[in-house]
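The values are calculated or read from the model by the stated rules, or taken from the named source; none is laboratory data. Given the structure is predicted, the values throughout are model-derived calculations rather than measurements. Every residue, glycine among them, receives a Cβ derived from its backbone with ideal geometry; neighbour counts consider all protein chains shown.
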Amino acid sequence: MFITRKNRPRSFDWLWKNATAGALFCLSLSTPVAQAQDSTAAGWSAVSLHGFGTLGFTRGDDDNAELVRDLSQPNGAGTHWATKVDSLLGVQANIHFSTATEGVVQLVSRYHADSTYRPEVTWAFVRHDFSPDFSLRVGRLGTEFYMLGDSRLVGYSNLSVRPPPDFYGSLVLSYIDGLDVIMTRPVASGLLKGKLFAGQSPESTPYAPGILWDLKGSQLVGGYLDYIRGPWQFRLSHAQVRFEQEAPFDELLQGSLPQPYLSQVPAMAMAGQSARFSSLGLVFDQGPINVQFMLNQIRHDSAAYTSTKAAYVMAAYRLGAVTPYLGVSRSVSDAAVLTGNPAFYPVTASLVAHSVTDQHTYTAGARWDVQKDMALKAQVDWVRGTPASVFLLKDVQTGSWDGNLTAVSLTLDFVF
């Protein structure tokens, strides 16, 4: 979702309420109404500008693993304060061609796959509303595999410092080039909303230190059903990714094997194989109380990645400008299965081990809305897992890592 002249936020309460609907939240610096009307009459489109950002500091207490926001980051925060985990800056322009047609372009500078802050075009689409309850978007669109997923980069719209990595951390696909259709209908005193999307990935993701996995051309299809009634929102979603490019096994194993690895273990191939993401979400938001509960399951066709399950629950209570919150999340892999030539089992086991997760995280924090459009957050995360749980972390020192990590985060989130 995106900001238009019709849905500009008026307060943090508006932001909070609409965060449960998965919207992007920024304040509008719109062209004054009279000027917009004059420019439209003269044949020019009205343009509005928005922005959002986060200045974040994070550090852990263990040099044997680094905390990351998600797996699109090649490395993260160790025992020294790091700004790269959560800091980012985004700007967005909305071009209003008519009351029914709007173009949106969004650029975000953040720490991503190639270890730079190079600005990337995360949104670039045209939306047309055929009716108040049916719309079509075409172009570059943000992915929305899970509930609240489309606003996960906008720190100001999120309750906590970051969406729980146990749940959202494996999402390395941030946007697609394609289209989606959205329909909304009143049902039984509530609102039923459905979305279908399809497209291709233009991204890459870190696979190993100094090695990227090219995801370009991977096919994504999916959709969700939302039902909103009073303070409750329920979502059921499903998405599928069919990988176009092979994972860089050969580059990783270069010189260590006498013959190509996949010729001996074809079940480990990723090209042409699919991953399926299913999730269920429930949010209650009324008065000072906000509770979020999410479940997901990821199934891989390829033996290269273990299938996983994850869940989290988070509860908050607003006390004026301060909102304390508590949460717990859990991620766990299915048992790894070795396949192919037994002579290659040690290599296969090493590759599959990189996708293993078996941990839970306790979170405690508070948000202070210092002034309109600006919030300070402080958060502590206690990660508790097994030594084999390495998937959602970076630079894990196998043999020294015991699965336990405590991280402290401080952020300043703002919109403009």
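Across region 58-69, what is the number of residues that are surrounded by fewer than 17 Cβ atoms within 10 Å (Cβ to Cβ) and closer than 22 Å to LYS377 by Cβ? Spell out the reasoning first.
The initial filter retains those residues of region 58-69 that are surrounded by fewer than 17 Cβ atoms within 10 Å (Cβ to Cβ), namely 61, 63.
Now drop any that are not closer than 22 Å to LYS377 by Cβ, which leaves 61.
The total comes to 1.
Kindly indicate whether any position in region 280-291 is closer than 21 Å to LYS309 by Cα, modelled with pLDDT of 95 or more, surrounded by fewer than 18 Cβ atoms within 10 Å (Cβ to Cβ) and not aliphatic (A, V, I, L, M). So far as region 280-291 goes, no, none of its residues is closer than 21 Å to LYS309 by Cα, modelled with pLDDT of 95 or more, surrounded by fewer than 18 Cβ atoms within 10 Å (Cβ to Cβ) and not aliphatic (A, V, I, L, M).
Out of the residues in region 369-416 that are part of a loop (DSSP other than H, G, I, E, B) and small (Gly, Ala, Ser), state the one that is nearest to SER151 (Cα to Cα).
Only one residue fits best here, namely SER389.
For region 182-198, indicate whether the set of residues that are surrounded by 16 or more Cβ atoms within 10 Å (Cβ to Cβ), under 21 Å from the mean Cα position of the chain (by Cα) and not hydrophobic (A, V, I, L, M, F, W, C) is non-empty. Yes, some residue in region 182-198 is surrounded by 16 or more Cβ atoms within 10 Å (Cβ to Cβ), under 21 Å from the mean Cα position of the chain (by Cα) and not hydrophobic (A, V, I, L, M, F, W, C).
So for region 294-316 (the condition being aliphatic (A, V, I, L, M), part of a loop (DSSP other than H, G, I, E, B) and more than 30 Å from TRP81 (Cβ to Cβ)), does at least one residue qualify? Yes, region 294-316 has at least one match. Taking region 280-302, which residues are under 16 Å from SER333 (Cα atoms) and not aliphatic (A, V, I, L, M)? Result: ASN296, GLN297, ARG299, HIS300, ASP301, SER302.
The set of residues in region 342-363 being in a strand (DSSP E or B) and surrounded by 15 or more Cβ atoms within 10 Å (Cβ to Cβ) consists of ASP358, GLN359, HIS360, THR361, THR363.
Looking at this structure, is VAL138 out of contact with any Lys or Arg (no Cβ under 6 Å at 6 or more places or on another chain) and hydrophobic (A, V, I, L, M, F, W, C)? Answer is yes for this residue. Remark: pairs (first residue in region 177-192, in a strand (DSSP E or B); second residue small (Gly, Ala, Ser); Cβ separation under 6 Å; 6+ apart in sequence or on different chains) = ASP177/GLY199; GLY178/ALA198; GLY178/GLY199; ILE182/SER135; MET183/GLY194.
Filter region 322-341 down to the residues that are in a loop (DSSP other than H, G, I, E, B) and either over 18 Å from LEU393 (Cβ atoms) or at pLDDT 95 or above (or both), then identify the one that is farthest from the chain's Cα centre (by Cα). I'd like the intermediate steps shown before the answer.
Step one: list which residues in region 322-341 are in a loop (DSSP other than H, G, I, E, B), which gives 334-341.
Subsequent filtering for residues that are either over 18 Å from LEU393 (Cβ atoms) or at pLDDT 95 or above (or both) retains 334-335, 337-341.
On the way: ASP334: 22, ALA335: 26, VAL337: 28, LEU338: 30, THR339: 32, GLY340: 34, ASN341: 37 Å.
Here the answer is ASN341.
Being exposed (fewer than 14 other Cβ atoms within 10 Å of the Cβ), more than 24 Å from the chain's Cα centre (by Cα) and touching a residue at least 24 places away in the same chain (Cβ under 8 Å), is that true of even one residue in region 376-391? No, every residue in region 376-391 fails to be exposed (fewer than 14 other Cβ atoms within 10 Å of the Cβ), more than 24 Å from the chain's Cα centre (by Cα) and touching a residue at least 24 places away in the same chain (Cβ under 8 Å). Restricted to region 203-287, the set of strands (runs of 3 or more DSSP E) holding at least 1 residues that are closer than 23 Å to LEU141 by Cα and of a type in the set (Asp, Glu) comprises 211-214, 219-229.
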